[in-house]
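Asker: Attaching a single structure in structure tokens format; questions to follow.
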Amino acid sequence: QVQLVESGGGLVQTGDSLRLSCVASGRTFSNYAMAWFRQAPGKEREFVAVINWSGGSAYYIDSVRGRFTISRANVENTVFLQMNSLKPEDTAVYYCAARQTRAGATILGSFPPDAVDYWGQGTQVTVSS
């Protein structure tokens, strides 16, 4: 059983920063792309960002590009999402996700939730005005 455990969510004000963490256990993740999704009330789950575990390249949706940074610590099987200049529209439950890839492959853009192999339980981020 592969487990992903998120932490770091909370209640903050507009313009504040948060760093989310996701720790993976149960398998090696050297052939996984790691991603963050989010789901706001009444909306479908939305792709946010992805980082390629072995390559280091990353991709972001337009609404967070320049404000959010995804990074990794491979030895600890951990992925982070640094969120700066937070806005009320960033309010959502944030989910860590892992997508298995072939050796040497990279993820070049977004992908839908049904392409995800493993999910974390989610962590709430609330941004007040």
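Asker: Would you pick out the residues in the stretch 81-113 that are within 20 Å of THR126 (Cα to Cα) and either basic (Lys, Arg) or modelled with pLDDT under 95 (or both)?
Answerer: LYS87
Asker: Return the total of residues in the stretch 119-129 being part of a loop (DSSP other than H, G, I, E, B) and within 19 Å of TRP53 (Cβ to Cβ).
Answerer: Number satisfying all stated conditions: 1.
Asker: Within the stretch 34-41, identify whether any single residue is farther than 21 Å from ILE107 by Cβ, part of a loop (DSSP other than H, G, I, E, B), open to solvent by 20 Å² or more (accessible area, probe 1.4 Å) and modelled with pLDDT under 95, and answer yes or no.
Answerer: Checked against the condition, which is being farther than 21 Å from ILE107 by Cβ, part of a loop (DSSP other than H, G, I, E, B), open to solvent by 20 Å² or more (accessible area, probe 1.4 Å) and modelled with pLDDT under 95, the stretch 34-41 yields at least one hit.
Asker: A further question follows. Does ASP62 qualify as being of a type in the set (D, E, K, R), assigned to a helix (DSSP H, G or I) and surrounded by fewer than 14 Cβ atoms within 10 Å (Cβ to Cβ)?
Answerer: no
Asker: Quick check: anything in the stretch 57-68 more than 16 Å from VAL125 (Cα to Cα) and in contact (Cβ under 8 Å) with a residue 60 or more places away in the chain?
Answerer: Checked against the condition, which is being more than 16 Å from VAL125 (Cα to Cα) and in contact (Cβ under 8 Å) with a residue 60 or more places away in the chain, the stretch 57-68 yields no hits at all.
Asker: State all residues of the stretch 43-53 that are outside any strand (DSSP E or B) and in contact with a strand residue (DSSP E or B) (Cβ under 9 Å, 6 or more places away or on another chain); if no residue qualifies, say none.
Answerer: Listed by number, the residues that qualify are LYS43, ARG45, TRP53.
Yes/no per residue for (1) more than 20 Å from TRP119 (Cβ to Cβ); (2) basic (Lys, Arg):
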| residue | (1), (2) |
| --- | --- |
| ALA24 | no, no |
| ASN31 | no, no |
| LYS43 | no, yes |
| SER57 | yes, no |
| ARG99 | no, yes |
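Asker: Only one of these is more than 26 Å from SER128 (Cβ to Cβ) and touching a strand residue (DSSP E or B) at 6+ places or on another chain (Cβ under 9 Å): ALA33, ALA40. Name it. Don't jump to the end; show me each part of the working.
Answerer: Details: ALA40 fails: more than 26 Å from SER128 (Cβ to Cβ).
Criteria check complete, one pass: ALA33.
Asker: Scan (1) open to solvent by 50 Å² or more (accessible area, probe 1.4 Å); (2) touching a Phe, Trp or Tyr at 6+ places or on another chain (Cβ under 8 Å); (3) of a type in the set (Val, Ile, Thr) for the single condition VAL50 breaks and write down its number.
Answerer: All conditions pass for VAL50, except number (1).
Asker: For ASN77, indicate whether it is at positive phi, within 14 Å of the chain's Cα centre (by Cα) and of a type in the set (S, T, N, Q).
Answerer: Criteria met by ASN77.
Asker: Counting only residues that are in a strand (DSSP E or B), open to solvent by less than 60 Å² (accessible area, probe 1.4 Å), closer than 16 Å to PHE47 by Cα and β-branched (Val, Ile, Thr), how many does the stretch 66-118 have?
Answerer: Qualifying residue count, the stretch 66-118: 3.
The values are calculated or read from the model by the stated rules, or taken from the named source; none is laboratory data. Please read these numbers as outputs of a predicted model, since none were measured by experiment. Please note: Cβ atoms are built from the backbone with ideal geometry, for glycine as well, and neighbour counts cover all protein chains shown. Only protein heavy atoms, including side chains, enter the accessible area calculation; ligands, DNA and RNA are left aside. Shrake-Rupley method; radii C 1.70, N 1.55, O 1.52, S 1.80 Å.
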